[in-house]
Amino acid sequence: MKRILIATDGSPEARAAVEYGLDLARSSSSSATVVFVRRPSRPFVGDPFYQRELSKGLHRADDAGNHALQVAADLGVETDVEIREGDPAAQIIELARLRDVDLIVLGSRNRGPLAAALLGSVSKDVVTHADRPVLIAHASDDRRRALAIA
């Protein structure tokens, strides 16, 4: 492998996927791209609300990117971070093609089938539509709790 794409939304599950993906990159001497995809803001919320929502989204993206860069530095993995806007699954798949990555790594929130049916599942959509291998990293309960506290 030469390049791994790791998707994050800053959640504890995504942080675990970032750590797992970067460790995999280190062990395979690969570089990594970490991507945070922000869903577009609803246009009807009005300018002050839009600005607040945009600011919160960019802050979350910045936090997730900084976490990934810190882990990458600790592991000695060449890593870059991209922030994109749009449908998360579509953006992840598009970036994987543009960067010609060998593997996509992302976490799963383990919402269960009913919640996934109602809310959608980025990981399911990526697995279904990607034209390259996808690894879904699951955090253990202890690890998930530790990441939620950190």
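The values are calculated or read from the model by the stated rules, or taken from the named source; none is laboratory data. Quick caveat, the model's predicted, so the values are computed rather than measured. So basically every Cβ, Gly included, is an ideal-geometry build from the backbone, and we count neighbours across all protein chains shown. We work out accessible area using only protein heavy atoms, side chains counted, and drop any ligands, DNA or RNA first. Shrake-Rupley method; radii C 1.70, N 1.55, O 1.52, S 1.80 Å.
Values for this structure:
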item: Total residues in region 74-95, condition open to solvent by 50 Å² or more (accessible area, probe 1.4 Å) and in contact with a Pro (Cβ under 9 Å, 6 or more places away or on another chain); result: 2
item: Every residue from region 17-73 that is open to solvent by less than 40 Å² (accessible area, probe 1.4 Å), within 16 Å of Lys2 (Cα to Cα) and in a helix (DSSP H, G or I); result: Gly21, Leu22, Ala25, Ala72
item: Flag for Ile6 being in a strand (DSSP E or B), hydrophobic (A, V, I, L, M, F, W, C) and surrounded by fewer than 19 Cβ atoms within 10 Å (Cβ to Cβ); result: no
item: Residue count for region 12-42, restricted to those that are under 9 Å from the mean Cα position of the chain (by Cα) and within 19 Å of Asp87 (Cα to Cα); result: 5
item: Enumerated helices (runs of 4 or more DSSP H) restricted to region 88-150, each holding at least 3 residues that are at pLDDT below 95; result: 113-119, 122-129, 141-149
